[in-house]
Structures are given as structure tokens and as C-alpha cells.
Amino acid sequence: MTFINYASREINCKIVYYGPGLCGKTTNLQYIYDTTAPTAKGKLISLATETDRTLFFDFMPLELGTVRGFKTRFHLYTVPGQVFYDASRKLILKGVDGVVFVADSQEERMDANIESLYNLEENLSANGYDLLKIPYVLQLNKRDLSNIIPPDEMVAELRRKDEPVHEAVASTGTGVFDTLKSVAKQVLTELRKS
Amino acid sequence: MTDAPIIMHEEQFQQLRHILNKLRLDSFSRVVFLVDKNGQQIAAQGDIGDLDTTSLASLAAGNVAATGGMARLIGEKEFPTLSHEGERESIHICIIGRVLLVVVFDDRSSLGLIKLRVKQASRDLSAVFDEIARLAEQRKGSEESLFAEITDDDIDSLFN
């Protein structure tokens, strides 16, 4: 849910990175955090387990610049990917303005991608959203590994509408900002429509 | 259904700041701020210093969301207030409709006093948020959105 403050001339939007466990959601955020100028970002908060698995969410605020005199702030969140944290995933989607689905390109993770995508649709619906109507991007991550599925096969299985698809290697940053730009553009375009 | 965006205008923003400031003084608290339930900070007053209110806002919303989830599991609608007491600093959170009132205080105040003052401020804050909702409804369709003028170039320029 966008928050528009005319008094301080700010637009605040919420973007959520979704996907199966270990697909690279936190790595996306970490790369954005590491490569953004200190003035444009806040702290990266990670609520993680002792073994560095996301327990509740990761969060970082990012300021992209000014549009028509309004500062645009994006609040980036990840969800915990492990199946049993479903209640937390549902909570984090509340008030979302745009979603990035991070798919793991490894052959053995395809079932997990499909299950997580169904889970995203269900949890969006539980919050009153429709995946077909909200700003949405599909990222095919881990394209540097050897046991990966060709992009067209992944797209055939995972693409839900005409959403932009980006190939990525989040650990080195490939495709990370293209993905963010893609979803942020859709969120701002949606704002224009409303 | 999802909530409509919160659209804040100058007059209501100043009213909120005034209520928060009064609450801070009356309750002898350190910082008082308002956050929407999705974690976005709406307004803050007090001795903020190097306190990271953006992160605090996000975590307060996560905290309320998680305890709200627990409440529903045991058959409650929500837990309307939450308090966390530390050795020196404490936090009190109160749910007011779709927003959270977060008060950070130390041993210059007490939880009892905070709760009393928060209760009084809640009524005033509710009235302002009712007015914000009423204005949003009234202006719906009658006012050309400022953002309708945003061009593709404006959006592209953010990423260059």
C-alpha cells in the first residue's frame, strides 16, 4: 500500500522478494545494499536463524531519487522461503505494492519453485490481491550453475502473465538491478494510473 | 479487500505532529512515532538523534503482525497493545485502526503513565485519521492525481 505524504513530499512503496528456500532472495537484497551509496539506503535488517536462514524477513529502505518533486522510497522485504514459515510469509505480503519472484534455476529445485509460486498466489489472495493484477517480475536466479534448466522451459512453467523475466546471478549482481528497476517501474506506473 | 493508500496533506500532518509532541511531553517519553501497519513511518517526534526510526518502524509493524497472528490462533482478534521493557529503554506499541503508535521511553517515565497518556492521544489521533479517510473519499475522482502527469522519462530518470 503506497503512502503518499504531501507534507514531506515523499512516496513510500513496499516491494517483496518471494521464492523457495535458498533461491537467493536475501542475496538480492544484500547485493543491492552492498552496492548502493550510503546516502540512498538505510540499514539492512535481517531476522535470521543462527545458520543464516531467514526467520521472519530482511528489510532495507532504498531511496531512488525524485519524481515530480516527490522523493521515492522503496521498502524492500524478503520472506522466509522455508515451507513451514508460511504464516510469516502471509504477514509480510500485507500492503505490498510489487512482488519479485526469485526462481532457483537448478533442475532439482523446479518443484520447489512451482510450489512456492502457488503459495504466493494463495497468500496474495488471502491478503486481497491478485497476482495477475499487481506489479510483478520473474527472476531466474543462479544462471551460473551447471545443472540449470533452459530459460524458455522455466518461463513456460513459471510465467503467469506477461511479466518481465530477468536472468540473474544474485551473488555477483548480474540482473539484480534490472529486476529491481523492472518492478519499481511497474509500481510507479500503477501509481500514475490510480 | 486491500486498504486504500494513505494520502497525507499538510494540515493533517501538522495535526498529527502536534498530538505526538503533546503526548511526548505529557508522558515524559523519549520518542513517539506513528507507523502504518505495513511498516512505513508516518510521523515522528522527540529526541530521535541517531535512532534508526525507519528500521524501528518496520520491526514494530513486524512485531504487531506476528503477535496479531498468534492472537488469531488462540481466538483473539488482535492484541491491541504491546510493551517491551528493557533495563534502561522500553517500548510501548498501541494499535489505532490501521496505524501503530510507538512510544520509546526510559526511567524518566513509567508504563502506567505511558498507557494513560497514549489512551488520551489515541482518541485525538483516531479523529485525524477519520478526517484523512473522509478527505480521501471526498477527493476521489474530483481531483486530478498529481501522479497522472508522471511520464516514462520521469520514471526512467530514477535509474540512470
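Return a yes/no flag: does segment A:95-115 have any residue that is in contact with a strand residue (DSSP E or B) (Cβ under 9 Å, 6 or more places away or on another chain), acidic (Asp, Glu), in contact (Cβ under 8 Å) with a residue 40 or more places away in the chain and over 16 Å from residue A:15 (Cα atoms). The answer is yes, given that some residue of segment A:95-115 is in contact with a strand residue (DSSP E or B) (Cβ under 9 Å, 6 or more places away or on another chain), acidic (Asp, Glu), in contact (Cβ under 8 Å) with a residue 40 or more places away in the chain and over 16 Å from residue A:15 (Cα atoms).
Could you please find all residues in segment A:97-111 being outside any strand (DSSP E or B) and either touching a Pro at 6+ places or on another chain (Cβ under 9 Å) or not hydrophobic (A, V, I, L, M, F, W, C) (or both)?
Going through segment A:97-111, the residues outside any strand (DSSP E or B) turn out to be A:97, A:105, A:107-111.
Passing the criteria: A:97, A:105, A:107, A:108, A:109, A:111.
Does residue A:128 fit the bill of being over 15 Å from the mean Cα position of the chain (by Cα), small (Gly, Ala, Ser) and within 14 Å of another protein chain (Cβ to nearest Cβ)? So residue A:128 passes the test.
Test of understanding: among B:114, B:150, which residue is over 21 Å from residue A:192 (Cβ atoms) and either among the aliphatic types (A, V, I, L, M) or surrounded by 17 or more Cβ atoms within 10 Å (Cβ to Cβ) (or both)? Working first, answer last.
On the way: B:150 fails: over 21 Å from residue A:192 (Cβ atoms).
Unique residue meeting the criteria: B:114.
Restrict the check to segment A:15-30 and report whether at least one residue is within 14 Å of chain B (Cβ to nearest Cβ), part of a strand (DSSP E or B) and touching a residue at least 40 places away in the same chain (Cβ under 8 Å). There is at least one residue in segment A:15-30 that is within 14 Å of chain B (Cβ to nearest Cβ), part of a strand (DSSP E or B) and touching a residue at least 40 places away in the same chain (Cβ under 8 Å).
Within segment A:31-64, take every residue that is surrounded by 14 or more Cβ atoms within 10 Å (Cβ to Cβ) and small (Gly, Ala, Ser) and give me the one that is farthest from the other protein chains (Cβ to nearest Cβ). Only one residue tops the list, namely A:48.
The single residue among B:33, B:79 that is aromatic (Phe, Trp, Tyr), touching a residue at least 40 places away in the same chain (Cβ under 8 Å) and either out of contact with any Pro (no Cβ under 7 Å at 6 or more places or on another chain) or at positive phi (or both) turns out to be B:33. For segment A:143-193, a tally of residues being outside any helix (DSSP H, G or I) and touching a residue at least 24 places away in the same chain (Cβ under 8 Å) returns 21.
Just one of A:157, A:107, A:153 is charged (D, E, K, R) and more than 21 Å from residue A:174 (Cα to Cα); which is it? Can you show your working first?
Values: A:107 fails: more than 21 Å from residue A:174 (Cα to Cα); A:153 fails: more than 21 Å from residue A:174 (Cα to Cα).
Answer to the check: A:157.
Of all residues in segment A:135-154, exactly one satisfies the criterion of being within 17 Å of the chain's Cα centre (by Cα) and either surrounded by fewer than 20 Cβ atoms within 10 Å (Cβ to Cβ) or among the hydroxyl-bearing types (Ser, Thr, Tyr) (or both), namely A:136.
Which residues, counting only those in segment A:1-21, are among the hydrophobic types (A, V, I, L, M, F, W, C) and over 15 Å from residue A:191 (Cα atoms)?
Within segment A:1-21, the first condition is being among the hydrophobic types (A, V, I, L, M, F, W, C), and the residues that meet it are A:1, A:3-4, A:7, A:11, A:13, A:15-16.
Scanning segment A:1-21 gives A:7, A:16.
Criterion first (charged (D, E, K, R) and closer than 23 Å to residue A:167 by Cβ) does residue A:122 satisfy it? Give the steps one after another, and end with the answer.
Working: charged (D, E, K, R): yes; closer than 23 Å to residue A:167 by Cβ: no.
It is false that residue A:122 is charged (D, E, K, R) and closer than 23 Å to residue A:167 by Cβ.
Bear in mind these aren't lab numbers, they're just calculated from the coordinates by the rules spelled out. Bear in mind that the values here come from a model prediction, so they are computed numbers and not experimental data. Methodologically, a virtual Cβ is constructed for each residue, glycine included, from the backbone with ideal geometry; neighbour enumeration extends over all protein chains shown.
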